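These notes are about the structure you will find just below.
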Amino acid sequence: MTAAPQQVRNRFTDSDGSPIVNASILSADFARLGDDARAVLELGADILHVDIMDGHFVPNISMGPGVCAAVHRACPDAFLDVHLMITDPAAYLEPFARAGAGHCTFHAEVASRDELIRMRDRCHELGMTAGVAINPETPSEAIDDVLEFFDLILVMSVHPGFGGQSFIPDVLEKTRSISRRLRPDQRLEMDGGIAPENAAEVREAGCDVLVAGSAIFGSEDREASISRIRGNGS
Ligand code: DX5
Ligand code: ZN
């Protein structure tokens, strides 16, 4: 039996569904991470996306709770959306909550329905919202029976592991079908290969949280890039 989840209020639960531009710090300059993170927030990014990779679930290693805590110290007011691309997310919810995360998303590919719901409950106990993610090749049916429990659903639009990959448009169809089934209080996020040129189709598929790494940090005009991803002035 699961305990009744506590209600968590934050940037996701308080949203009215208008697009949230989520800057992925994986594409920042790690040698000056705090400055780079602050810069994109000042230029209009709404929140920061923190990609955690363990070299097992994905073929790359990125950062851990210590780096997340450092970003939290550098940007104490920023909402940190932690994306756990790791095989054992349950073990890391508390370390990331202590590191300042406001939200954690973990993958449906690594856990059973009961485990996913337990992790959702644990996130809420720790004062974070919770998301469930699916890879590009994972059908939406894989999360049919947990959809209602989550604050956010993340559809990957690249194979997770690296920034700077090409967007996979085939994921838009399942995204539309997920979108039709969500309540107004649930967010739908897309991650991978999002840029000013394709953000409109991502928003039209129902996504209201758009992650972008290279298209923001690698842009010569970061402010314009953020604003076009949100849907202003494109
Ligand atoms: C991919 C990560 C993404 C990545 C996005 O494994 O989950 O969040 O940082 O980077 P871009 O926007 O460059 O595809
Ligand atoms: Zn990510």
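What follows draws every value from the coordinates through simple rules; no lab data is involved. It should be emphasised that the depicted structure is a prediction, and the values quoted were computed from it without experimental measurement. Cβ atoms come from the backbone with ideal geometry, glycine included; neighbour counts cover every protein chain shown.
The calculated FRET efficiency for the pair residue 13 and residue 61, based on their C-beta separation and a Förster distance of 41 Å, comes to about 0.85.
One quarter of the convex hull surface built on the alpha carbon atoms of the range 1-71 amounts to 7.4 nm², the projected area averaged over directions. With a cut-off of 11 Å on the backbone N, the residues of the range 7-33 near the modelled label site 7 Å out from residue 185 along Cα-Cβ are 7-9, 13-14. DSSP bridge analysis restricted to the range 20-230 gives an antiparallel fraction near 5%, rounded to the nearest 5.
Mind running the shape call on the range 2-133? Use the C-alpha gyration tensor, a ≥ b ≥ c as the square roots of the eigenvalues: rounded below 1.5 for a/c, prolate if a/b tops b/c, oblate otherwise.
oblate
Take each peptide in 134-146, 208-220, 14-26, 86-98, count the other Cβ atoms within 10 Å of every residue, and average; sorted highest first, the result is 208-220, 14-26, 86-98, 134-146. Divide the volume of the convex hull around the Cα atoms of the chain by the residue count and you get 109 Å³ per residue.
Spatially, the range 1-77 and the range 159-234 are offset by 16 Å when compared through their Cα centroids.
Our estimate of slack between residue 74 and residue 165, defined as 0.36 nm per intervening residue step minus the Cα-Cα distance, is 30.0 nm.
Count neighbours as other Cβ atoms within 10 Å of each site's Cβ, and list the GluC sites (Glu not before Pro) in the range 145-196 that are DSSP loop with at most 10 such neighbours.
Passing both the DSSP loop test and the Cβ count: no residue.
Length gained on full extension, residue 29 to residue 223, computed as 0.36 nm times the residue gap minus the Cα-Cα distance: 68.1 nm.
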